[in-house]
Amino acid sequence: MENDVLRIAGREFRSRLIVGTGKYRSFQEMARAHEASGAEIVTVAVRRVNLTDRSKESMLDYIDRKKFFILPNTAGCYSADEAVRTARLAREVGLSNWIKLEVIGDEKTLFPDNFELVKATETLVKEGFVVMPYTNDDLIAARRLIDAGAAAVMPLGAPIGSGLGIQNPANIRILREMITQVPLIVDAGVGTASDAAVAMELGADAVLMNTGIAGAQDAVLMAEAMKHAVLAGRQAYLAGRMPRKLYASASSPLHGVVK
């Protein structure tokens with residue numbers, strides 16, 4: 001496991017857990033949860049953070065950039081043009097030229113608009129961005145995003161903030177089998193540690209979550225649980241599970257026993 005690193009666009013990360021910054025009770029709680037998670041990548045919604053008035057308190061003041069790599073995201077954008085402008089703003093203010101690309105197609109479900117997503121990916125890649133799009137658990141959409149230059153694909157496990165866990169494990173397995181060019185990162189829907197472990201056991205390269213930690217009664221303890229779950233799920237995937245059987249098979253067989 002020492003050499004088992006997550007590689008995105010040529011950059012290496014030791015942790016396969018990516019965490020967010022929204023919905024915490026305080027910035028102080030957020031900082032403690034980040035530390036407990038062991039994550040190295042923290043995603044920040046560009047449109048929900050103070051980027052201009054440095055005299056006011058900002059969540060960025062509570063993220064140690066020596067420890068955490070900031071991944072801006074375009075949460076709240078409903079068109080390719082809107083998402084592109086938001087990504088440009090993030091780069092202009094010095095956050096990063098990496099972007100978690102979100103283009104929402106429906107306000108109630110927060111499902112992504114894959115047509116606009118591909119369009120925005122093509123534009124941003126041409127402008128030198130490292131683009132990591134949030135998308136449906138759909139193979140064809142994922143392939144089109146990769147063709148557009150995406151550095152990773154990030155299918156949802158369930159609707160954003162739902163905590164339902166992985167709703168279509170077969171789709172994640174298909175994506176894992178068919179996508180080898182870029183990392184596969186499950187994004188959205190994780191509610192507890194077992195959900196994170198399942199995502200990793202299905203072969204995801206990483207898991208991104210926010211509400212699953214921030215919405216817990218003890219966010220810091222849940223962040224630590226998620227850290228262990230992602231690691232355990234990754235180890236189980238690499239180890240290869242035993243075959244499933246319909247009938248019992250004795251764990252201490254009598255074959256060869258001297259009577």
| task | Give me the angle, in degrees from 0 to 90, between the Cα long axis of helix 169-178 and the longest principal axis of the Cα atoms of the chain, rounded to the nearest 10. | result | 80 degrees
| message | With both bridge residues required to lie in segment 88-230, what share of the DSSP beta bridges run antiparallel, to the nearest 5%? | response | 10 percent
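Return one whole number: the accessible area per residue of the chain in Å², for a 1.4 Å probe.
Details: 13300 Å² over 259 residues.
That works out to 51 Å² per residue.
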| About the Cα centre of the chain, what is the dipole size in debye to 20, counting +1 per Lys and Arg Cβ and -1 per Asp and Glu Cβ, all else neutral? | 560 debye
| remark: Between ARG14 and LEU164, the two model label points (7 Å from Cα along the beta-carbon direction) sit apart by a distance in nm of 3.7 nm
| remark: Expected unfolding gain across GLN217-ARG65 under the 0.36 nm per residue rule, minus the alpha-carbon gap, is 52.0 nm
| query | What's the carbon and sulfur percent of segment 42-99's accessible surface, probe 1.4 angstrom, rounded to a whole number? | reply | 44 percent
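So what is the relative contact order for the chain, in percent, with contacts set as C-alpha pairs under 8 Å and at least six apart? List each step's numbers first, then the result.
Working: 511 pairs, mean separation 46.6, N = 259.
Computed value for the chain: 18 percent relative contact order.
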| task | With a point put 7 Å past each Cα toward its Cβ, work out how far ASP147 is from GLN235 in nm, to one decimal. | result | 4.1 nm
| remark: Cα extents of the chain along the principal axes, largest first, in whole Å, come to 82, 40, 37
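Mind giving me the FRET efficiency for SER252 and LEU139? R0 is 41 Å, r the Cβ-Cβ distance, nearest 0.05 is fine.
On the way: r = 43 Å, r/R0 = 1.05.
Efficiency, rounded to the nearest 0.05: 0.45.
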| field | Under 13 Å from the Cα of LYS126 - aspartates and glutamates, other chains or at least 8 residues apart | value | ASP147
| request: Report, ordered by chain and residue number, the lysines lying within cross-link reach of LYS227, taken as a straight Cα distance under 17 Å and ignoring same-chain residues fewer than 8 apart. | output: LYS67
| query | What is the Cα centroid distance between segment 36-104 and segment 1-26, reported in whole angstrom? | reply | 15 Å
| What order, most packed first, do the peptides 59-65, 85-91 have when packing is the mean number of other Cβ atoms within 10 Å of each residue? | 85-91, 59-65
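With a Förster radius of 41 Å, plug the Cβ-Cβ distance of ARG244 and GLU107 into 1/(1 + (r/R0)^6) and report the FRET value to the nearest 0.05. Could you put the intermediate results ahead of the total?
Details: r = 41 Å, r/R0 = 1.00.
Between ARG244 and GLU107 the formula returns 0.50.
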| request: With everything on Cα atoms, drop me the angle between helix 27-37 and the longest principal axis of the chain, reported from 0 to 90° to the nearest 10. | output: 30 degrees
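Of all accessible surface on segment 126-234 at a 1.4 Å probe, what whole percent is carbon and sulfur?
Values: 2130 of 4160 Å².
Whole-percent figure for carbon plus sulfur exposure: 51.
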| request: In nm, give the distance between the simple-model label positions of GLU29 and LYS56, each being 7 Å from the Cα along the Cα-to-Cβ direction. | output: 2.2 nm
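If you stretched the chain out fully between HIS228 and ASN97, how much longer would it get, using 0.36 nm times the residue separation minus the C-alpha to C-alpha distance?
Details: separation 131, 0.36 × 131 = 47.16 nm, distance 2.99 nm.
Value of the extension gain: 44.2 nm.
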| message | What do you get for the angle between helix 219-239 and the principal long axis of the chain? Use alpha-carbon atoms, 0 to 90 degrees, nearest ten. | response | 50 degrees
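I need the peptides 157-165, 226-234 ranked by packing, meaning the mean over residues of other C-beta atoms within 10 angstrom, with the highest value on top.
Working: 157-165: 18.7, 226-234: 21.7.
Descending mean neighbour count gives 226-234, 157-165.
The values are calculated or read from the model by the stated rules, or taken from the named source; none is laboratory data. All values derive from a computational prediction rather than experimental measurement. Please note: Cβ atoms are built from the backbone with ideal geometry, for glycine as well, and neighbour counts cover all protein chains shown. Each accessible area value is taken on the protein alone, full model and side chains, heavy atoms only, with ligands, DNA and RNA left out. Shrake-Rupley method; radii C 1.70, N 1.55, O 1.52, S 1.80 Å.
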